[in-house]
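So the structure is just underneath, and the comments pick up after that.
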Amino acid sequence: MKDIQELQKNWKALLAEGVKVPLPSEPLKLSKDEWRKRLSPEQFEILREEGTEYPGTSILNSEKRPGVFVCAGCNLPLFTSAMKYESGTGWPSFFTTIPGAFGTSTDYKLVLPRTEYHCIRCGGHHGHVFDDGPPPTRQRWCNNGVALKFIPKTGKA
């Protein structure tokens, strides 16, 4: 677990030089209309209405470059490329997160309880966390790709 702690602690090493990102302690609160203007219809459905994209539809599934994944709603850093793995589920999956990026709640939409997670800064819904991931965390942070933006370390998208 020491390696995981180092990965979480040193996440900024994968952030492109000169890129400014917000802090989790800088909340972003907007009206529904303001969110509709800021987000695409697909992003609004996922981030604000807690929807789910179809598996296999995100271009971020195959993203392998070094960099940082941020919230598509507010640009808060959530994951790094070093935290990503191929889960075979059709959604971008991560075995850990950048500390302090998410809040969680229990979701009963599919009858059985699931742990839903949302951006701590803007409240945007990202996905669910499961306990079937790889060692050592055994976590699978299953994220809707449309809820993410990727910032490559090179600074070139």
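The values are calculated or read from the model by the stated rules, or taken from the named source; none is laboratory data. Keep in mind it's a predicted model, so treat the numbers as computed, not measured. FYI the Cβ positions are ideal-geometry reconstructions off the backbone, even for glycines, and counts take in every protein chain you see.
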Any residue that is over 24 Å from L14 (Cβ atoms) and modelled with pLDDT under 95 - is there at least one of those in segment 35-48? no
If I filter segment 33-45 for residues that are exposed (fewer than 11 other Cβ atoms within 10 Å of the Cβ) and in a loop (DSSP other than H, G, I, E, B), do I get at least one hit? no
Sole exception among (1) among the charged types (D, E, K, R); (2) without any contact (Cβ under 8 Å) to a residue 40 or more places away in the chain; (3) more than 14 Å from K149 (Cβ to Cβ) for R38, by number: (3)
Being in contact with a Phe, Trp or Tyr (Cβ under 9 Å, 6 or more places away or on another chain), over 19 Å from I120 (Cα atoms) and among the basic types (K, R) narrows R36, R48 down to just R36
In segment 89-115, which residues are within 21 Å of V68 (Cα to Cα) and of a type outside the set (S, T, N, Q)? G90, W91, P92, F94, F95, I98, P99, G100, A101, F102, G103
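Checking the structure you have, find out if any residue of segment 5-26 is surrounded by 12 or more Cβ atoms within 10 Å (Cβ to Cβ), part of a loop (DSSP other than H, G, I, E, B), in contact with a helix residue (DSSP H, G or I) (Cβ under 8 Å, 6 or more places away or on another chain) and not β-branched (V, I, T).
Within segment 5-26, the first condition is being surrounded by 12 or more Cβ atoms within 10 Å (Cβ to Cβ), and the residues that meet it are 7-8, 11-16, 19, 21-22, 24.
Next, from what is left, pick out any that are part of a loop (DSSP other than H, G, I, E, B): 15-16, 19, 21-22, 24.
Narrowing the set further to residues that are in contact with a helix residue (DSSP H, G or I) (Cβ under 8 Å, 6 or more places away or on another chain) leaves none.
Within segment 5-26 (the criterion being surrounded by 12 or more Cβ atoms within 10 Å (Cβ to Cβ), part of a loop (DSSP other than H, G, I, E, B), in contact with a helix residue (DSSP H, G or I) (Cβ under 8 Å, 6 or more places away or on another chain) and not β-branched (V, I, T)), the answer is no, since none of the residues qualifies.
Just one of R48, R140 is under 16 Å from the mean Cα position of the chain (by Cα), under 20 Å from P27 (Cβ atoms) and of a type outside the set (S, T, N, Q); which is it? Don't jump to the end; show me each part of the working.
Values: R140 fails: under 20 Å from P27 (Cβ atoms).
Among R48, R140, only R48 is under 16 Å from the mean Cα position of the chain (by Cα), under 20 Å from P27 (Cβ atoms) and of a type outside the set (S, T, N, Q).
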Can you pull out every residue in segment 88-127 that is touching a Lys or Arg at 6+ places or on another chain (Cβ under 7 Å) and at pLDDT below 95? D107
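Each row is one residue, and each column tells you yes or no for (1) surrounded by fewer than 22 Cβ atoms within 10 Å (Cβ to Cβ); (2) over 17 Å from T52 (Cβ atoms); (3) in contact with a helix residue (DSSP H, G or I) (Cβ under 9 Å, 6 or more places away or on another chain); (4) not hydrophobic (A, V, I, L, M, F, W, C).
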position	(1), (2), (3), (4)
A72	no, no, yes, no
L76	no, yes, no, no
A82	yes, yes, yes, no
P92	no, no, yes, yes
P99	yes, yes, yes, yes
S105	yes, no, no, yes
L112	yes, no, no, no
E116	yes, no, no, yes
C119	no, no, yes, no
Restricting the search to segment 57-75, which residues are touching a residue at least 24 places away in the same chain (Cβ under 8 Å) and either farther than 13 Å from L15 by Cα or out of contact with any strand residue (DSSP E or B) (no Cβ under 6 Å at 6 or more places or on another chain) (or both)? T57, S58, I59, L60, N61, E63, P66, C71, A72, G73, C74, N75
Within the bounds of segment 109-117, is there any residue that is farther than 16 Å from C142 by Cβ and free of Cβ contacts under 8 Å to residues at least 24 places away in the same chain? yes
